[in-house]
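What follows is a set of notes on a single structure, which appears directly below.
The values are calculated or read from the model by the stated rules, or taken from the named source; none is laboratory data. What you are looking at is a predicted structure, and each value in this text was computed from that prediction instead of being measured. Here the Cβ positions follow ideal geometry from the backbone for every residue, glycine too, while neighbour counts run over all protein chains shown. Quick note on the areas: whole protein, heavy atoms, side chains included, nothing else; ligands and nucleic acids left out. Shrake-Rupley method; radii C 1.70, N 1.55, O 1.52, S 1.80 Å.
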Amino acid sequence: MGQHLGETAIKTSKIIDAALDGVLFIDEAYALSNTGYSGGDAFGKEALQVLLKRAEDDRRRLVVVLAGYPNEIAELLSTNPGFASRFNTRVDFPAYSADELVLIAESFLGSQGDALTEEAAVALRTSCDLAVADGLIDRLGNGRFARELARKAAAVRDLRVFDLHGSSGVPSQDEVTTLHVGDVMDAYQELTESVLKFPPSAGQLDTGTDGPGGSSHR
């Protein structure tokens, strides 16, 4: 977006020019149309008008993919009669399974040099199973949930080790690289409490966008 009308169109065109003979992927594309502004979003409307025209004019040299929550993508397409006709191919991606979420979390932990005790590994599996079974995984961000669960569990571990040794103690290598069951459980509780405080929006009733879950139009 530009700082004033007219500048947005120029910036949008430059981005499209850079994508010619390739793919222009726009994640959370509905952010370009903010209906919350009084009188509408003039900057977003300007960007969308340029995108719509260039998608038609350069249709032989450009593939445009709009990605995001299905309901909100559908709302975006309804804002302009030309959108539905030009973006008429829809692909829906299922959310990650519990098995896939476990693999993502374990991969993230491994890349950080962290390991799980046997009990913590069970807790990780249980957390992913619950997130999927309780219908929370899309609101938790799908693949982002697995990474955040691993990251927060490691942070809980770090605080636990600091409380044990204080600022003057020297923890062992095993202590600073191993996650226990309580670390994972506390991290899962923190993540789920953050989403349960607020009801899901219309878009979040469908699949999320971080990972395979979500919808895209081309």
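Some notes on this structure:
- Atom-type composition of the exposed protein surface of region 38-141 places 52 percent of the accessible area on carbon and sulfur (1.4 angstrom probe).
- Here region 1-160 is assigned +1 on the Cβ of each Lys and Arg and -1 on the Cβ of each Asp and Glu. Its dipole about the Cα centre then comes out at about 480 debye.
- Full-extension gain in nm, A9 to S85, via 0.36 nm per residue minus C-alpha separation: 25.2 nm
- Note on region 1-158: dipole from Cβ charges, positive end direction compared against L77, S97, A146; the farthest Cα belongs to L77.
- Under the convention that each Lys and Arg Cβ holds +1 and each Asp and Glu Cβ holds -1, the size of the dipole of region 79-167 around its Cα centre is about 480 debye.
- Rolling a 1.4 Å probe across the protein heavy atoms gives region 76-150 an accessible surface of 50 Å² per residue.
- Accessible-area ranking of E28, E56, largest first, probe 1.4 Å: E28, E56
- Close amide H contacts of T178 (hydrogens built in the peptide plane, cut-off under 5 Å, sequence separation of 5 or more or a different chain): A115.
- Rolling a 1.4 Å probe over the protein heavy atoms of region 143-196, with every protein chain left in place, gives an accessible area that is 57 percent carbon and sulfur.
- With a Förster radius of 30 Å applied to the beta-carbon distance between D27 and E190, the computed FRET efficiency rounds to 0.70.
- Centre separation in Å (Cα based) which lies between region 46-64 and region 67-134: 29 Å
- Considering region 57-189 at the alpha-carbon level, its Rg and Dmax are found to be 20.8, 67 Å.
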